[in-house]
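Here the structure is laid out as C-alpha cells; the discussion comes afterwards.
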Amino acid sequence: MKSVKLTGLPDQHGPFEGPMQILWRYSTRAMIIIMKPDVDPAGQEIQQLLDYLAQFPDIQTRSAGIRGASRVVNEIYLIGPTHHVPIETLERMPGVEKVVRVSSKYRQIGRHGGQLDELGFIYNGVEFSQETFNCFTGPCAVDTPDNVETMFRNMQKVGLVTARMGVYKPRTSPYDFQGHGQSCLPWLFELAGKYGIKVIAMEVLKEIHIEEIYEELEKAGRPTGVMLQIGTRNAQNFELLKAAGSQKEFPVLYKRGMGLSLEDSLNACEYIASEGNRNIVFCLRGVQSRLGDPHRNLVDFAHVPVVKRLTRLPVCIDPTHSVGSKDRAPDGLMDIFHVSAQGIIAGANMILVEFHPRPEMALCDGHQALTMQELEHYVADVELVRKCYLERVNMARQAIFKNWHQGKKEA
Ligand code: PEP
Ligand code: MN
C-alpha cells in the first residue's frame, strides 16, 4: 500500500470525529437545524442558538458548512436525546430557516420526506445538481493515445468538457483486457488538459486506484479532474465505498447494482456519504433480467424521479450499458437514442455514454460504442430532449400554481 495521504480525509473516530460520523452513530435521535443562506457561521445568530442549546446538557452540537451548487448551507446537527428540544422555539430563532428530524433511512443522502433541499456541488468548474445537466462521452476503455486524442478533439468541437474513460476495467472473463491501469494516466491527463476536458469519469476497483489517480493528477499538474466511478459489480463492495467516501478530493459516481433493489443500492450509496464525502452522483444503468431481452439490461430510467425525490443527489443515466447494442428502430433512431431520451425527459442530470473513434478496434464494448460521426447528432438530440424537459417542468409549475390559486379562491 502506498503512503500517499489524500487531502481532505475526514477523521473517523474519537474527538476528531466529523459531524456526519457522529450524526451517523446517534441518528435515530438526531436533528438538523438549517440556517438561512446569509447567516455568518461565526456570527451572532449561531452563537445565540448555541447558547440556547447549552441548557440541554445531554445534547451535543456540531456545525458544518456544506458548499452546494448555488450556496453554502450552514447546518447544525443536534445529537443526543433531542425529543425534548422544542422545534417551534428553534424555528422562531433568528437566522433559522428550518429544523428537521432525521429519519433512519438514507440519513445523509435522503430528503427526509421532502424536508431537505437537494445539494449539488461544483467540481473543477463543472456544476452537478438536480437542476443541471452534463453529458459524459468516451470509450469504455482507454486504448491508444491516438484514439483518446481523436475523441477529445471531437468533443471539443461540439463543446463537451466531460468525458468517460475506463482505465481499470472489471471484466467478466479473466482473459479479457482489463485496462492499461496507472501507466496510461500521464498521457491521458495531458491530452485531457490539451482539449479542455474538465472531468473524466473513471472506474476504480480498489482503494489503491484512488491513490494512483491522485498521484498522477498531481504529477501532471492537475490539467483535468476525475470523478471516481464505482461500477455495478462493486455496488456492495463496502470497503471500496468507504474508501471513496473517506476522501474529499474526488466526487463519486455510484452505479446501481445490476441485481440490487433500488433500496439496497441507495443504502450502499449512503456508505459513501456516511464517511464524509457527499459529492455523489447516483447512476441508473439498467438491471439484469431476462425480461429486458434483447437489451443487455432492463432499462430502469423510470426511477430517475424516484431517486430525485428520495435523495438530495443528482441522477445519472447510462443508456449504453442498459441497451448494449446499436440496434435501430424503424423510425431511424437507435435504441440508445430512445433510451437516452427516456432518461432525460424524466429529469436525468447526467448521462454517461460510450463513443469510440474506431469501434471495430476497441478492446472493450466496441459493439455498443457510438462513433465520431454520430457524436454531433447525439448531442443535438440530447439537447433537444433536455429543452423539452425544462419546458415540461415550467408547464407543471404553472399548473400547480394555477390549481393552488383556484383552490384558494374557492375556499
Ligand atoms: C462502465 O461504465 O464502464 C461500466 C463497466 O459500467 P457498469 O459498471 O454499469 O457495468
Ligand atoms: Mn463498457
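Only the coordinates and a few stated rules stand behind these numbers; no lab work does. What you see is a predicted model, and the numbers here were worked out from it, not measured in a lab. Cβ: placed from backbone, ideal geometry, glycine included. Neighbour counts: every protein chain shown.
Summing Cβ point charges (Lys, Arg +1; Asp, Glu -1) relative to the Cα centre of the range 145-288 gives a dipole of roughly 500 debye.
Principal axis extents of the C-alpha atoms in the range 61-187 (largest first, rounded to whole Å): 64, 37, 25. Dipole magnitude for the range 121-395: about 440 debye, using +1 per Lys or Arg Cβ and -1 per Asp or Glu Cβ, origin at the Cα centre. All other residues whose Cβ lies under 12 angstrom from that of Ile351 are scored, Lys and Arg at +1 and Asp and Glu at -1, for a net of -1. For a 4.7 Å threshold on C-beta separation, the list of partnerless cysteines in the chain reads Cys135, Cys184, Cys269, Cys388.
Evaluate E = 1/(1 + (r/R0)^6) for Asp40 and Glu149, where r is the Cβ-Cβ distance and R0 equals 41 Å; express this FRET efficiency to the nearest 0.05. Before the final figure, lay out each step's value.
Working: r = 48 Å, r/R0 = 1.17.
Approximately 0.30, to the nearest 0.05.
Think of the chain as a dipole: +1 on every Lys or Arg Cβ, -1 on every Asp or Glu Cβ, centred on the Cα centre; then among Ile400, Val100, Phe355, Ile400 lies furthest on the positive end. For the residue pairs Lys105/Lys308; Lys105/Lys255; Lys105/Lys402, alpha carbon separations beyond 25 Å are given by Lys105/Lys402. Projecting label points 7 angstrom from Cα along Cα→Cβ for Ile87 and Val126 puts them 3.9 nm apart. Rounded to the nearest 0.05, what FRET efficiency do Ala396 and Gln115 have when you use their Cβ-Cβ distance and R0 = 30 Å? According to the calculation, E is roughly 0.90. Compared with the dominant principal axis of the Cα atoms in the chain, helix 185-194 is inclined by about 80°.
Here's how it looks for Tyr123: its modeled amide H is under 5 Å from those of Phe128, which are all 5 or more places away or on a different chain.
Rounded to two decimals, what is Rg over Rh for the range 121-395 when you use alpha-carbon atoms and the Kirkwood radius?
On the way: Rg = 17.2 Å, Rh = 18.5 Å.
Using Cα coordinates only, the ratio equals 0.93.
Estimated from helices alone, the mean residue ellipticity of the chain at 222 nm is -11000 deg cm²/dmol (sum of -39500 (n - 2.57) over DSSP H runs with n ≥ 4, per residue).
Would you work out which of Val204, Ser63, Thr320 lies farthest towards the positive end of the dipole of the chain? Charges go on Cβ: Lys and Arg +1, Asp and Glu -1. The listed residue farthest towards the positive side: Ser63. Against the chain, whose longest principal axis comes from its Cα atoms, helix 207-220 is set at around 80 degrees.
DSSP loop (so not H, G, I, E, B), at most 12 other Cβ within 10 Å: list which GluC sites (Glu not before Pro) in the range 155-225 pass both filters.
On the way: sites: Glu190, Glu203, Glu207, Glu211, Glu212, Glu215, Glu216, Glu218; in loops: none.
Nothing satisfies the criteria.
Looking at the chain alone, DSSP beta bridges between its own residues are antiparallel in about 45 percent of cases. Computed from Cα positions, the angle between helix 145-157 and the longest principal axis of the chain comes to roughly 60 degrees.
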